[in-house]
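Read the structure below first, then the notes.
The values are calculated or read from the model by the stated rules, or taken from the named source; none is laboratory data. Since this is a predicted model, take the numbers as computed values, not measurements. Reconstructed Cβ throughout: ideal geometry from the backbone, glycine too, with neighbour counts over all protein chains shown.
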Amino acid sequence: MRTFHLLKYLKEQGHKVSLATLRTYRFVSDEEVAALEEWVEELAVFPCMPDPDQTSGKLGQVKRLATFAISGEPPSVRTSRSEKMQAWVDEKIASGQFDVITCEHCVNEAYVPEDIQKYIPTAVVNIHSSVYGTCAHQLAAGMAEKPMRDRINLPLLKRYEHRYCQKFSHLVVTTAEDQQQIAEISGKDSIHVIPNGVDLAAFAPRSQDPGGHKLVFIGAMDNLPNIDAVTYFAKDVFPLVRQKYPDATLSLVGSRPTSAVKALADLPNVVVTGRVPEMTPYLHEATVCVVPMRTGYGIKNKTLEAMAAGIPVVASDRGLEGLDVDGDATPTRALRAKTPSDYVEAIGRLFESSDLRQTLSKNGRELIEQRYTWAIAGSQYEKVLMQEAV
(Lines give C-alpha, C1' and ligand atoms only; values in the text may rest on other atoms or scores of the structure.)
Protein backbone atom coordinates (compact mmCIF):
# COMPACT_ATOMS: atom_id res chain seq x y z
CA MET A 1 0.00 0.00 0.00
CA ARG A 2 2.77 2.46 0.92
CA THR A 3 4.68 1.65 -2.25
CA PHE A 4 1.64 2.05 -4.49
CA HIS A 5 0.48 5.38 -3.06
CA LEU A 6 3.96 6.92 -3.27
CA LEU A 7 4.25 5.68 -6.85
CA LYS A 8 0.77 7.05 -7.64
CA TYR A 9 1.73 10.47 -6.26
CA LEU A 10 4.89 10.61 -8.38
CA LYS A 11 2.90 9.69 -11.48
CA GLU A 12 0.35 12.44 -10.77
CA GLN A 13 3.21 14.98 -10.44
CA GLY A 14 4.38 14.13 -13.96
CA HIS A 15 7.33 11.87 -13.15
CA LYS A 16 8.02 8.87 -15.39
CA VAL A 17 8.32 5.70 -13.34
CA SER A 18 9.60 2.29 -14.43
CA LEU A 19 8.70 -0.50 -12.02
CA ALA A 20 10.20 -3.96 -11.64
CA THR A 21 8.49 -6.33 -9.25
CA LEU A 22 8.00 -9.98 -8.41
CA ARG A 23 4.60 -11.63 -8.68
CA THR A 24 3.11 -14.02 -6.17
CA TYR A 25 0.68 -15.87 -8.43
CA ARG A 26 -1.51 -17.21 -5.63
CA PHE A 27 -2.62 -13.72 -4.66
CA VAL A 28 -2.29 -11.52 -7.75
CA SER A 29 -4.69 -11.63 -10.71
CA ASP A 30 -4.02 -10.67 -14.32
CA GLU A 31 -6.59 -7.88 -13.92
CA GLU A 32 -4.60 -6.41 -11.02
CA VAL A 33 -1.41 -6.47 -13.07
CA ALA A 34 -3.20 -4.73 -15.95
CA ALA A 35 -4.53 -2.07 -13.57
CA LEU A 36 -1.03 -1.42 -12.23
CA GLU A 37 0.25 -0.73 -15.75
CA GLU A 38 -1.85 2.45 -15.84
CA TRP A 39 0.31 4.00 -13.12
CA VAL A 40 3.77 3.46 -14.60
CA GLU A 41 5.68 4.24 -17.76
CA GLU A 42 7.01 0.70 -17.88
CA LEU A 43 6.08 -2.38 -15.84
CA ALA A 44 8.26 -5.48 -15.67
CA VAL A 45 6.78 -8.38 -13.68
CA PHE A 46 8.85 -11.45 -12.86
CA PRO A 47 7.83 -14.77 -11.27
CA CYS A 48 9.00 -15.66 -7.78
CA MET A 49 11.67 -18.33 -8.04
CA PRO A 50 12.23 -21.12 -5.50
CA ASP A 51 15.21 -20.70 -3.17
CA PRO A 52 17.93 -23.22 -4.14
CA ASP A 53 18.77 -23.62 -0.44
CA GLN A 54 15.19 -24.34 0.61
CA THR A 55 16.02 -27.84 1.87
CA SER A 56 13.75 -29.00 4.67
CA GLY A 57 14.83 -30.28 8.08
CA LYS A 58 17.95 -29.64 10.14
CA LEU A 59 20.25 -29.96 7.14
CA GLY A 60 18.37 -27.19 5.35
CA GLN A 61 18.55 -24.94 8.41
CA VAL A 62 22.30 -25.43 8.72
CA LYS A 63 22.79 -24.82 5.01
CA ARG A 64 20.79 -21.57 5.08
CA LEU A 65 22.65 -20.31 8.15
CA ALA A 66 26.03 -21.12 6.57
CA THR A 67 25.03 -19.35 3.36
CA PHE A 68 23.85 -16.32 5.34
CA ALA A 69 27.10 -16.16 7.35
CA ILE A 70 29.29 -16.44 4.25
CA SER A 71 27.33 -14.29 1.79
CA GLY A 72 25.92 -11.77 4.27
CA GLU A 73 22.55 -12.13 2.56
CA PRO A 74 19.55 -13.32 4.67
CA PRO A 75 17.46 -16.27 3.45
CA SER A 76 14.47 -13.93 2.95
CA VAL A 77 16.51 -11.96 0.41
CA ARG A 78 17.81 -15.06 -1.36
CA THR A 79 14.27 -16.46 -1.60
CA SER A 80 13.06 -13.43 -3.53
CA ARG A 81 15.95 -13.22 -5.98
CA SER A 82 15.18 -13.45 -9.70
CA GLU A 83 18.02 -13.59 -12.21
CA LYS A 84 15.71 -12.24 -14.92
CA MET A 85 14.75 -9.27 -12.77
CA GLN A 86 18.41 -8.67 -11.95
CA ALA A 87 19.25 -8.59 -15.65
CA TRP A 88 16.43 -6.09 -16.24
CA VAL A 89 17.68 -3.81 -13.45
CA ASP A 90 21.27 -4.04 -14.69
CA GLU A 91 20.19 -3.10 -18.19
CA LYS A 92 18.22 -0.08 -16.95
CA ILE A 93 21.11 1.16 -14.82
CA ALA A 94 23.51 0.84 -17.76
CA SER A 95 21.13 2.73 -20.09
CA GLY A 96 21.85 6.04 -18.36
CA GLN A 97 18.24 7.20 -18.75
CA PHE A 98 17.30 7.34 -15.06
CA ASP A 99 17.78 10.19 -12.58
CA VAL A 100 16.73 8.23 -9.49
CA ILE A 101 16.59 4.61 -8.38
CA THR A 102 14.35 3.68 -5.46
CA CYS A 103 14.22 0.38 -3.63
CA GLU A 104 11.07 -0.56 -1.71
CA HIS A 105 11.71 -2.79 1.31
CA CYS A 106 15.21 -3.89 2.18
CA VAL A 107 14.51 -7.32 0.70
CA ASN A 108 14.87 -5.75 -2.76
CA GLU A 109 18.20 -4.01 -2.07
CA ALA A 110 20.06 -7.01 -3.49
CA TYR A 111 19.15 -5.90 -7.01
CA VAL A 112 21.01 -2.61 -6.49
CA PRO A 113 24.82 -2.87 -7.01
CA GLU A 114 27.26 -1.63 -4.38
CA ASP A 115 28.58 1.09 -6.72
CA ILE A 116 25.14 2.33 -7.83
CA GLN A 117 25.96 5.98 -7.13
CA LYS A 118 28.56 5.96 -9.89
CA TYR A 119 25.68 5.51 -12.34
CA ILE A 120 22.67 6.98 -10.53
CA PRO A 121 23.74 9.40 -7.75
CA THR A 122 20.29 9.52 -6.15
CA ALA A 123 19.73 6.02 -4.79
CA VAL A 124 17.02 5.68 -2.16
CA VAL A 125 15.92 2.74 -0.03
CA ASN A 126 12.50 2.94 1.60
CA ILE A 127 12.94 0.88 4.78
CA HIS A 128 9.43 -0.04 5.89
CA SER A 129 10.88 -1.58 9.08
CA SER A 130 14.27 -2.68 10.37
CA VAL A 131 14.83 -6.44 10.07
CA TYR A 132 17.41 -6.33 12.86
CA GLY A 133 15.19 -4.22 15.09
CA THR A 134 12.18 -6.48 14.56
CA CYS A 135 14.20 -9.61 15.33
CA ALA A 136 15.77 -8.06 18.43
CA HIS A 137 12.40 -6.89 19.74
CA GLN A 138 10.77 -10.29 19.23
CA LEU A 139 13.61 -11.98 21.11
CA ALA A 140 13.48 -9.46 23.97
CA ALA A 141 9.71 -9.81 24.27
CA GLY A 142 9.80 -13.64 24.14
CA MET A 143 7.77 -13.70 20.91
CA ALA A 144 10.35 -15.11 18.48
CA GLU A 145 8.98 -17.92 16.34
CA LYS A 146 12.32 -19.77 16.52
CA PRO A 147 14.37 -18.20 19.36
CA MET A 148 17.57 -20.23 18.88
CA ARG A 149 17.68 -19.51 15.16
CA ASP A 150 16.96 -15.81 15.71
CA ARG A 151 19.65 -15.43 18.39
CA ILE A 152 22.18 -16.83 15.92
CA ASN A 153 20.84 -14.63 13.11
CA LEU A 154 20.72 -11.39 15.13
CA PRO A 155 24.38 -10.27 14.71
CA LEU A 156 24.24 -11.36 11.06
CA LEU A 157 21.14 -9.22 10.50
CA LYS A 158 22.85 -6.22 12.10
CA ARG A 159 25.87 -6.69 9.85
CA TYR A 160 23.57 -7.07 6.83
CA GLU A 161 21.57 -3.94 7.60
CA HIS A 162 24.73 -1.88 8.09
CA ARG A 163 26.18 -3.12 4.80
CA TYR A 164 23.23 -2.53 2.49
CA CYS A 165 22.55 0.96 3.89
CA GLN A 166 26.00 2.15 2.77
CA LYS A 167 25.28 2.02 -0.95
CA PHE A 168 22.25 4.33 -0.85
CA SER A 169 22.46 8.12 -0.85
CA HIS A 170 19.27 8.44 1.20
CA LEU A 171 17.43 6.19 3.63
CA VAL A 172 13.70 6.61 4.28
CA VAL A 173 11.90 5.29 7.39
CA THR A 174 8.37 5.70 8.77
CA THR A 175 8.94 6.80 12.40
CA ALA A 176 11.46 8.69 14.55
CA GLU A 177 12.09 5.47 16.47
CA ASP A 178 13.09 3.72 13.26
CA GLN A 179 15.24 6.72 12.32
CA GLN A 180 17.23 6.47 15.55
CA GLN A 181 17.64 2.72 15.20
CA ILE A 182 18.75 2.81 11.57
CA ALA A 183 21.14 5.69 12.33
CA GLU A 184 22.83 3.62 15.03
CA ILE A 185 23.11 0.58 12.76
CA SER A 186 24.14 2.35 9.55
CA GLY A 187 26.20 5.24 10.91
CA LYS A 188 24.54 7.48 8.30
CA ASP A 189 22.76 10.79 8.83
CA SER A 190 20.83 11.06 5.54
CA ILE A 191 17.77 9.34 7.07
CA HIS A 192 14.36 10.85 6.37
CA VAL A 193 11.17 10.15 8.34
CA ILE A 194 8.19 9.88 5.99
CA PRO A 195 5.13 8.34 7.66
CA ASN A 196 2.44 6.33 5.97
CA GLY A 197 -0.78 7.96 4.85
CA VAL A 198 -4.45 7.27 4.29
CA ASP A 199 -6.70 7.62 1.26
CA LEU A 200 -9.22 10.00 2.85
CA ALA A 201 -11.89 9.22 0.27
CA ALA A 202 -11.62 5.45 0.76
CA PHE A 203 -11.68 5.80 4.57
CA ALA A 204 -14.36 8.44 5.01
CA PRO A 205 -15.62 9.10 8.55
CA ARG A 206 -18.75 7.17 9.50
CA SER A 207 -22.02 9.05 9.48
CA GLN A 208 -23.21 7.75 12.86
CA ASP A 209 -21.97 5.97 15.97
CA PRO A 210 -23.34 2.39 15.95
CA GLY A 211 -23.01 1.99 19.71
CA GLY A 212 -23.10 -1.58 20.96
CA HIS A 213 -20.17 -3.79 21.94
CA LYS A 214 -18.46 -4.64 18.65
CA LEU A 215 -14.67 -4.85 18.36
CA VAL A 216 -12.72 -5.06 15.10
CA PHE A 217 -9.10 -5.71 14.08
CA ILE A 218 -8.02 -5.15 10.48
CA GLY A 219 -4.90 -6.32 8.67
CA ALA A 220 -3.32 -9.06 6.55
CA MET A 221 -3.78 -12.29 8.46
CA ASP A 222 -0.63 -14.00 7.21
CA ASN A 223 1.61 -11.30 8.69
CA LEU A 224 3.45 -12.61 11.77
CA PRO A 225 2.99 -9.48 13.95
CA ASN A 226 -0.73 -9.49 13.08
CA ILE A 227 -1.05 -13.20 13.83
CA ASP A 228 0.56 -12.66 17.22
CA ALA A 229 -1.68 -9.66 17.93
CA VAL A 230 -5.01 -11.33 17.13
CA THR A 231 -4.04 -14.57 18.90
CA TYR A 232 -3.04 -12.68 22.03
CA PHE A 233 -6.16 -10.52 22.02
CA ALA A 234 -8.65 -13.29 21.18
CA LYS A 235 -7.29 -15.67 23.81
CA ASP A 236 -6.00 -13.43 26.61
CA VAL A 237 -8.06 -10.24 26.41
CA PHE A 238 -11.40 -10.85 24.69
CA PRO A 239 -12.64 -13.45 27.23
CA LEU A 240 -12.15 -10.81 29.93
CA VAL A 241 -14.13 -8.30 27.85
CA ARG A 242 -16.96 -10.83 27.52
CA GLN A 243 -17.09 -11.32 31.27
CA LYS A 244 -18.28 -7.70 31.53
CA TYR A 245 -20.08 -7.58 28.15
CA PRO A 246 -21.35 -11.09 27.24
CA ASP A 247 -22.75 -9.89 23.90
CA ALA A 248 -19.41 -8.41 22.78
CA THR A 249 -18.14 -9.56 19.38
CA LEU A 250 -14.66 -9.54 17.83
CA SER A 251 -14.25 -9.40 14.04
CA LEU A 252 -10.83 -10.24 12.58
CA VAL A 253 -10.92 -8.72 9.12
CA GLY A 254 -8.20 -9.31 6.56
CA SER A 255 -6.97 -11.48 3.73
CA ARG A 256 -5.06 -14.77 3.79
CA PRO A 257 -5.83 -15.95 7.35
CA THR A 258 -3.49 -18.75 8.41
CA SER A 259 -4.76 -21.94 10.00
CA ALA A 260 -3.89 -20.48 13.42
CA VAL A 261 -6.03 -17.40 12.72
CA LYS A 262 -8.91 -19.45 11.27
CA ALA A 263 -8.91 -21.54 14.46
CA LEU A 264 -9.75 -18.40 16.48
CA ALA A 265 -13.22 -18.49 14.90
CA ASP A 266 -13.94 -21.47 17.17
CA LEU A 267 -13.85 -19.11 20.15
CA PRO A 268 -17.21 -17.65 21.30
CA ASN A 269 -18.28 -14.49 19.43
CA VAL A 270 -15.11 -14.35 17.31
CA VAL A 271 -15.53 -13.97 13.52
CA VAL A 272 -12.70 -14.45 10.97
CA THR A 273 -13.80 -12.92 7.66
CA GLY A 274 -10.94 -13.64 5.28
CA ARG A 275 -10.53 -11.23 2.38
CA VAL A 276 -13.24 -8.58 2.05
CA PRO A 277 -13.95 -6.14 -0.81
CA GLU A 278 -13.55 -3.10 1.48
CA MET A 279 -12.35 -2.58 5.04
CA THR A 280 -14.37 0.59 5.62
CA PRO A 281 -17.82 -0.99 6.19
CA TYR A 282 -16.37 -3.27 8.88
CA LEU A 283 -14.77 -0.29 10.58
CA HIS A 284 -17.96 1.77 10.41
CA GLU A 285 -19.99 -1.05 11.98
CA ALA A 286 -17.58 -1.48 14.91
CA THR A 287 -17.81 0.30 18.23
CA VAL A 288 -14.05 0.17 18.81
CA CYS A 289 -11.01 -0.82 16.74
CA VAL A 290 -8.29 -2.68 18.66
CA VAL A 291 -4.62 -2.65 17.59
CA PRO A 292 -2.91 -4.91 20.17
CA MET A 293 0.44 -5.15 18.37
CA ARG A 294 3.27 -6.62 20.46
CA THR A 295 5.93 -6.61 17.74
CA GLY A 296 6.62 -5.06 14.33
CA TYR A 297 8.32 -1.70 13.82
CA GLY A 298 7.04 1.28 11.88
CA ILE A 299 3.84 3.28 11.70
CA LYS A 300 0.73 1.09 11.37
CA ASN A 301 -1.63 1.60 8.43
CA LYS A 302 -4.41 -0.14 10.34
CA THR A 303 -4.26 2.49 13.09
CA LEU A 304 -4.26 5.38 10.62
CA GLU A 305 -7.16 3.92 8.63
CA ALA A 306 -9.32 3.35 11.72
CA MET A 307 -8.71 6.92 12.91
CA ALA A 308 -9.47 8.27 9.44
CA ALA A 309 -12.77 6.36 9.42
CA GLY A 310 -13.67 7.93 12.76
CA ILE A 311 -13.43 4.72 14.79
CA PRO A 312 -12.21 4.99 18.40
CA VAL A 313 -8.92 3.11 18.77
CA VAL A 314 -7.50 1.17 21.71
CA ALA A 315 -3.93 0.15 20.96
CA SER A 316 -0.57 -0.85 22.38
CA ASP A 317 2.52 1.34 22.31
CA ARG A 318 3.63 -0.59 19.23
CA GLY A 319 0.25 -0.04 17.58
CA LEU A 320 0.55 3.71 18.20
CA GLU A 321 4.22 4.04 17.22
CA GLY A 322 5.04 7.39 15.65
CA LEU A 323 1.67 8.98 16.53
CA ASP A 324 0.91 11.84 18.93
CA VAL A 325 -2.29 10.60 20.53
CA ASP A 326 -2.03 11.59 24.20
CA GLY A 327 -0.07 13.71 26.66
CA ASP A 328 -0.42 16.96 28.55
CA ALA A 329 -0.44 19.21 25.47
CA THR A 330 -2.03 16.70 23.06
CA PRO A 331 -5.75 16.12 22.45
CA THR A 332 -6.74 12.54 23.26
CA ARG A 333 -6.86 10.75 19.92
CA ALA A 334 -6.66 7.10 21.03
CA LEU A 335 -6.52 5.10 24.24
CA ARG A 336 -3.34 3.26 25.13
CA ALA A 337 -3.19 -0.24 26.71
CA LYS A 338 -0.35 -2.51 27.77
CA THR A 339 -1.92 -5.35 29.76
CA PRO A 340 -5.15 -7.35 29.40
CA SER A 341 -6.68 -5.36 32.26
CA ASP A 342 -5.66 -2.10 30.51
CA TYR A 343 -7.51 -3.21 27.37
CA VAL A 344 -10.62 -4.20 29.31
CA GLU A 345 -10.66 -0.89 31.15
CA ALA A 346 -10.14 1.22 28.02
CA ILE A 347 -12.66 -0.74 25.94
CA GLY A 348 -15.17 -0.51 28.77
CA ARG A 349 -14.77 3.27 28.94
CA LEU A 350 -15.56 3.52 25.25
CA PHE A 351 -18.45 1.06 25.39
CA GLU A 352 -20.03 3.11 28.19
CA SER A 353 -19.45 6.65 26.89
CA SER A 354 -20.73 7.93 23.57
CA ASP A 355 -19.14 11.31 24.38
CA LEU A 356 -15.68 9.72 24.67
CA ARG A 357 -16.23 7.82 21.44
CA GLN A 358 -17.19 11.07 19.72
CA THR A 359 -14.11 12.85 21.09
CA LEU A 360 -11.71 10.17 19.82
CA SER A 361 -13.55 9.97 16.50
CA LYS A 362 -13.26 13.72 15.90
CA ASN A 363 -9.69 14.11 17.15
CA GLY A 364 -8.45 11.04 15.30
CA ARG A 365 -9.87 12.14 11.96
CA GLU A 366 -8.42 15.64 12.37
CA LEU A 367 -4.96 14.20 13.06
CA ILE A 368 -5.07 12.14 9.86
CA GLU A 369 -6.25 15.08 7.77
CA GLN A 370 -3.49 17.31 9.14
CA ARG A 371 -0.50 14.95 9.03
CA TYR A 372 -1.15 11.55 7.48
CA THR A 373 -2.49 11.75 3.95
CA TRP A 374 -0.76 10.12 1.00
CA ALA A 375 -0.45 13.56 -0.60
CA ILE A 376 1.62 14.74 2.37
CA ALA A 377 3.77 11.59 2.37
CA GLY A 378 4.15 11.71 -1.42
CA SER A 379 5.29 15.34 -1.34
CA GLN A 380 7.91 14.54 1.29
CA TYR A 381 9.11 11.52 -0.71
CA GLU A 382 9.35 13.56 -3.91
CA LYS A 383 11.58 16.11 -2.15
CA VAL A 384 13.97 13.35 -1.09
CA LEU A 385 14.13 11.93 -4.62
CA MET A 386 14.72 15.31 -6.22
CA GLN A 387 17.48 16.54 -3.87
CA GLU A 388 20.29 15.41 -6.15
CA ALA A 389 18.37 14.59 -9.31
CA VAL A 390 17.62 18.20 -10.29
Just one of Asp236, Asp228, Asp150 is surrounded by fewer than 18 Cβ atoms within 10 Å (Cβ to Cβ), touching a residue at least 40 places away in the same chain (Cβ under 8 Å) and outside any loop (DSSP other than H, G, I, E, B); which is it?
Asp236
For the stretch 57-85, pairs from a residue that is more than 13 Å from Arg149 (Cβ to Cβ) and assigned to a helix (DSSP H, G or I) to a residue that is modelled with pLDDT of 75 or more and hydrophobic (A, V, I, L, M, F, W, C), with Cβ under 7 Å and 6 or more apart or across chains, are Val77/Val107; Val77/Ala110; Lys84/Phe46; Met85/Ala20; Met85/Leu22; Met85/Phe46
Has the stretch 181-194 got at least one residue that is surrounded by fewer than 19 Cβ atoms within 10 Å (Cβ to Cβ), touching a Leu at 6+ places or on another chain (Cβ under 8 Å) and either of a type in the set (Lys, Arg) or closer than 17 Å to Lys300 by Cα (or both)?
yes
Scan the stretch 123-147 for residues that are touching a residue at least 12 places away in the same chain (Cβ under 8 Å) and assigned to a loop (DSSP other than H, G, I, E, B) and jot them down.
Ile127, His128, Ser129, Ser130, Ala141, Met143, Glu145
Which listed residue, of Ala337, Ala346, Ala377, Ala329, is within 19 Å of Val198 (Cα to Cα) and small (Gly, Ala, Ser):
Ala377
Quick one: Leu157 ticks every box in (1) within 24 Å of Asp90 (Cβ to Cβ); (2) surrounded by 18 or more Cβ atoms within 10 Å (Cβ to Cβ) except a single one, so which number is it?
(1)
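Rundown of residues vs (1) in contact (Cβ under 8 Å) with a residue 24 or more places away in the chain; (2) closer than 20 Å to Met279 by Cβ; (3) over 21 Å from the mean Cα position of the chain (by Cα); (4) surrounded by fewer than 14 Cβ atoms within 10 Å (Cβ to Cβ), yes/no style:
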site	(1), (2), (3), (4)
Asp317	no, no, no, yes
Ala329	no, no, yes, yes
Thr339	no, no, yes, yes
Tyr343	yes, no, yes, no
Phe351	yes, no, yes, no
Gln358	yes, no, yes, yes
Tyr372	yes, yes, no, no
Gln380	yes, no, no, no
Would you mind finding the one in Tyr245, Tyr297 that is in the same structural domain as Asp222 (by TED's automatic domain parsing) and either within 14 Å of Gly364 (Cβ to Cβ) or modelled with pLDDT under 95 (or both)?
Tyr297
